[in-house]
């Protein structure tokens, strides 16, 4: 394969990747995509918490370093995890409540300050929090 063909294919691959990222982030007309910085964020910890009076079906979170963890049917009505703040991103937490009714809630704190919280109600409700 000629060098020029490789360059054109490489540019096309990057353009496709940017389009996929923009689409996944809700991008549309007028949206811009800013690539994630590889710089290390603050070293403080994030605390991820969730509550669900009906118990949990699933808890999934992504740490700032991009690693994902998932717990299926964790016991109890309260859940928490502390994650290291090192990495290029911000943590996200997605929780699905159990069969019982009630409010399913998530919260992310950083240095003791709430940086994200959200709630939803109903059987098997799903809620997500993303640190900002």
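The table for this structure:
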item	result
Within region 62-76, tally of residues that are in a loop (DSSP other than H, G, I, E, B) and farther than 21 Å from residue 100 by Cβ	5
Flag if residue 70 is touching a strand residue (DSSP E or B) at 6+ places or on another chain (Cβ under 6 Å), modelled with pLDDT of 95 or more and surrounded by fewer than 16 Cβ atoms within 10 Å (Cβ to Cβ)	yes
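The values are calculated or read from the model by the stated rules, or taken from the named source; none is laboratory data. None of the values given here were measured: they were computed from a predicted structure. Counting neighbours? That spans all protein chains shown, and the Cβs are built from the backbone with ideal geometry, glycine included.
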